[in-house]
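Trainee: Dumping the structure here so I can ask a few things about it.
The values are calculated or read from the model by the stated rules, or taken from the named source; none is laboratory data. Being a predicted model, the structure only gives us computed values, none of them experimental. Here the Cβ is made from the backbone with ideal geometry for all residues, glycine too, and neighbour counts use every protein chain on show.
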Amino acid sequence: MPSAQMEHPVIELKAISRIYRIGNVSIPALHSISLNIQKNEYVALMGPSGSGKSTLMNIIGCLDPPSSGAYLLNGIPVEEMNDNELAEIRNKQIGFVFQTFNLLPRYTALDNVALPLVYAGWNKQKREEKAKEMLIQVGLGNRISHKPNELSGGQKQRVAIARAVINNPSMLLADEPTGNLDSKTSIEIMELLGKIHRKGNTIILVTHEEEIARYAHRIIRLKDGLVDSDTINTSVTIID
């Protein structure tokens with residue numbers, strides 16, 4: 001009896017390398033990294049400064065191309081995509097959450113969250129309805145008209161997360177999402193990411209904090225541009 005056809009990994013990296021060139025100097029950042037990440041995995045990328053974790057995140061997020069190797073996203077070779085196709089992938093399939101929030105200061109929380117839907121071609125009424133719904137889901141229904149300078153750090157990150165998931169992306173990339181937050185707020189943000197993961201999203205979390213990495217189910221440690229270890233987390237931090 002033939003076996004059932006297996007789904008492609010969401011992310012398939014084959015011998016990925018990245019070299020930065022500054023003048024005549026070549027600086028290697030990643031050395032022939034091969035990784036598979038499956039649908040609905042929750043992965044932490046760890047490593048000291050200069051280990052290559054942010055470079056790897058940028059490649060996975062289709063922000064930077066690798067210097068060599070192959071990257072398949074949902075089974076499709078990324079190197080064969082043109083700029084418009086890559087922009088569409090970033091807008092519809094990948095949600096980004098950054099340490100510095102990256103909110104537009106003159107826009108309200110509602111307008112910041114709705115921004116991806118502008119690029120997706122939604123009309124104003126529908127995108128505002130959807131953005132309001134997302135803000136309510138992240139606990140900011142009473143902050144819809146506030147601008148970033150009227151929000152706390154944790155509230156800004158909740159706005160950023162609502163914006164990242166408004167298009168129902170299959171993958172969420174979070175780069176040091178608690179880096180600018182206090183301990184209590186960090187726990188609240190990790191609880192929110194846990195809820196998003198339980199809804200079926202693949203989450204890749206870049207962090208240098210061990211206590212934050214323990215929320216992930218798999219921990220990949222990088223060192224000097226190489227995978228130093230790739231382990232299943234047997235003691236996941238769970239928030240009720």
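Trainee: May I ask you to verify whether LYS92 is touching a residue at least 24 places away in the same chain (Cβ under 8 Å) and among the basic types (Lys, Arg)?
Mentor: Numbers: touching a residue at least 24 places away in the same chain (Cβ under 8 Å): yes; among the basic types (Lys, Arg): yes.
Here the answer is yes, as LYS92 does meet what is asked.
Trainee: Same structure again: Which one of the conditions (1) among the β-branched types (Val, Ile, Thr); (2) surrounded by 19 or more Cβ atoms within 10 Å (Cβ to Cβ); (3) in a helix (DSSP H, G or I) does ILE136 fail to meet, given that it meets all the rest?
Mentor: Exception for ILE136: condition (2).
Trainee: Could you count how many residues in segment 162-178 are out of contact with any Gly (no Cβ under 8 Å at 6 or more places or on another chain) and within 18 Å of ASN58 (Cα to Cα)?
Mentor: Looking only at that region, the number is 5.
Trainee: Can you tell me how many residues in segment 123-133 are touching an Asp or Glu at 6+ places or on another chain (Cβ under 9 Å) and either part of a loop (DSSP other than H, G, I, E, B) or under 30 Å from ILE212 (Cα atoms) (or both)?
Mentor: Taking segment 123-133 as the starting set, the residues that turn out to be touching an Asp or Glu at 6+ places or on another chain (Cβ under 9 Å) are 128, 131.
Of the ones still in play, those that are also either part of a loop (DSSP other than H, G, I, E, B) or under 30 Å from ILE212 (Cα atoms) (or both) are 131.
Count: 1.
Trainee: OK, next. From the list LEU181, LEU173, pick out the single residue that is under 29 Å from GLY47 (Cβ atoms) and modelled with pLDDT of 95 or more.
Mentor: Numbers: LEU181 fails: modelled with pLDDT of 95 or more.
Going through LEU181, LEU173 in turn, just one is under 29 Å from GLY47 (Cβ atoms) and modelled with pLDDT of 95 or more: LEU173.
Trainee: For residues that are part of a helix (DSSP H, G or I), more than 19 Å from VAL113 (Cα to Cα) and either acidic (Asp, Glu) or touching a residue at least 40 places away in the same chain (Cβ under 8 Å) (or both), tally how many sit in segment 159-187.
Mentor: Here is the first cut: in segment 159-187, the ones part of a helix (DSSP H, G or I) are 159-165, 183-187.
Subsequent filtering for residues that are more than 19 Å from VAL113 (Cα to Cα) retains 183-187.
Checking which are either acidic (Asp, Glu) or touching a residue at least 40 places away in the same chain (Cβ under 8 Å) (or both) leaves us with 187.
Qualifying residue count, segment 159-187: 1.
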